[in-house]
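Engineer: Okay, handing you the structure first.
Every number here is computed from the coordinates shown, using simple stated rules; none is lab data. From a predicted model like this one, the values you see are computed outputs, not experimental measurements. Neighbour counts are summed over all protein chains in view; Cβ atoms, including those assigned to glycine, are modelled from backbone coordinates with ideal geometry.
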Amino acid sequence: MIRLELRKMRRLRTTPILIVLVVAVVALSSASQFSGTARASFDDPAAMPWASLLLSYTFMAAMTSPLLTAVLASRLTDIEHAGVGWTLAATAGRSPGALCRAKLAALALVLLPAVAAQSLLVIGVGLVAGIRVPLDAGPWLGYTALLFLMDVAFVALHVWLAAVVENQLVSVGVGLLGAFLAVFCLLAPGLFARLVPWGYYAVISYATQRGGDVVYASPPYAWIAAFLLLAALVFALATRGLDRVER
């Protein structure tokens with residue numbers, strides 16, 4: 001079933017869409033690195049240029065990831081509505097819930113290299129721009145891993161939403177609202193971000209601004225783990241519910 005979903009994504013040109021969005025995030029995250037003010041800090045460890053770049057990357061990823069997950073999930077699920085795919089899958093013994101889970105797995109396989117390449121490209125642009133301070137790899141690795149997991153969690157949401165609501169504008173609209181909330185939560189108090197699902201794009205940040213300085217920070221792993229476990233449980237129960245409705 002996952003191989004079939006991957007073939008569907010090739011027909012839907014998912015890879016070109018991902019490439020365009022990855023390049024856009026990299027360009028927006030790195031644009032400030034070529035300014036005179038930023039370049040003046042590239043040789044100063046106290047200025048923490050890599051932390052500043054990571055914070056910019058976090059902001060742009062929070063702005064674009066909710067919409068990216070909504071678009072990818074909606075396109076892959078809408079094909080079932082348009083081509084009576086739910087009925088055809090049922091005749092082959094594949095329940096709607098199983099089909100949704102296969103879509104999630106296939107999209108996760110595509111997102112993994114995309115998110116990794118995105119982070120590597122942002123780092124590459126920082127090196128090309130002239131950052132000479134040694135890279136702190138830990139925060140970058142941690143953020144990349146958590147960003148991927150957040151994307152998978154919200155892909156799950158949008159796969160389910162696109163399956164139960166045939167009008168895909170609803171799913172994409174929720175993604176747009178999520179992008180606004182994710183950016184807002186970067187500026188809001190930490191507790192508020194933890195209570196809003198899309199706020200976890202802010203919660204996973206490994207860089208923050210204190211006073212006039214950008215510094216590394218340790219995200220609340222317990223909250224993040226609880227959110228991811230809750231998202232997995234809700235998706236499992238929701239897709240099993242689709243099977244019961246179908247019967």
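Engineer: Using label points projected 7 Å from each Cα along Cα→Cβ, tell me how many nm separate Leu135 and Leu12, to one decimal.
Structural biologist: 3.2 nm
Engineer: Taking the Kirkwood radius as the inverse of the mean 1/r across Cα pairs, report the Rg/Rh of the chain.
Structural biologist: 1.02
Engineer: Across segment 106-117, in residue order, what do the Karplus-derived ³J(HN,Hα) couplings come to in whole Hz, using 6.51 cos²θ - 1.76 cosθ + 1.60 with θ = phi - 60° and x for Gly and Pro?
Structural biologist: 5, 5, 4, 5, 7, 5, 4, x, 5, 5, 5, 5
Engineer: Right, next: Mean residue ellipticity at 222 nm from the helices of the chain, using -39,500 (n - 2.57) per DSSP H segment of n ≥ 4 over the full residue count, to the nearest 500 deg cm²/dmol?
Structural biologist: That calculation yields -26000 deg cm²/dmol at 222 nm.
Engineer: Springs between alpha-carbon pairs under 10 angstrom, Gaussian network model over the chain: which of Ala116, Ala225, Ala51 fluctuates most?
Structural biologist: Ala225
Engineer: Which residue, Trp50, Trp223, Trp140, has the most motion in a Gaussian network model of the chain that connects Cα atoms within less than 10 Å?
Structural biologist: Looking only at Trp50, Trp223, Trp140, the biggest GNM fluctuation is shown by Trp223.
Engineer: Using θ = phi - 60° and the Karplus relation 6.51 cos²θ - 1.76 cosθ + 1.60, list the HN-Hα couplings for segment 42-57 in order, rounded to whole Hz, with x at every Gly or Pro.
Structural biologist: Ordered by residue, 3J(HN,Hα) equals 5, 9, 10, x, 5, 6, 6, x, 5, 5, 5, 5, 5, 5, 5, 4 Hz.
Engineer: Over what distance in Å are the Cα centres of segment 133-175 and segment 210-244 separated?
Structural biologist: 10 Å
Engineer: Which angle from 0 to 90°, rounded to the nearest 10, does the C-alpha axis of helix 221-246 make with the longest principal axis of the chain?
Structural biologist: 20 degrees
Engineer: I need the calculated FRET efficiency for the pair Ala98 and Leu187, taking r as the beta carbon distance and R₀ as 41 Å, to the nearest 0.05.
Structural biologist: Step by step, r from the Cβ atoms, then E = 0.50.
Engineer: Now a separate question. May I ask you to derive the FRET efficiency for Leu169 and Ser41 from their Cβ-Cβ distance with R0 = 35 Å, giving the value to the nearest 0.05?
Structural biologist: About 0.20, to the nearest 0.05.
Engineer: Next up: Run through every distinct alpha carbon pair of segment 140-247 and return the Kirkwood hydrodynamic radius in angstroms, one decimal place.
Structural biologist: 15.1 Å is the Kirkwood radius here.
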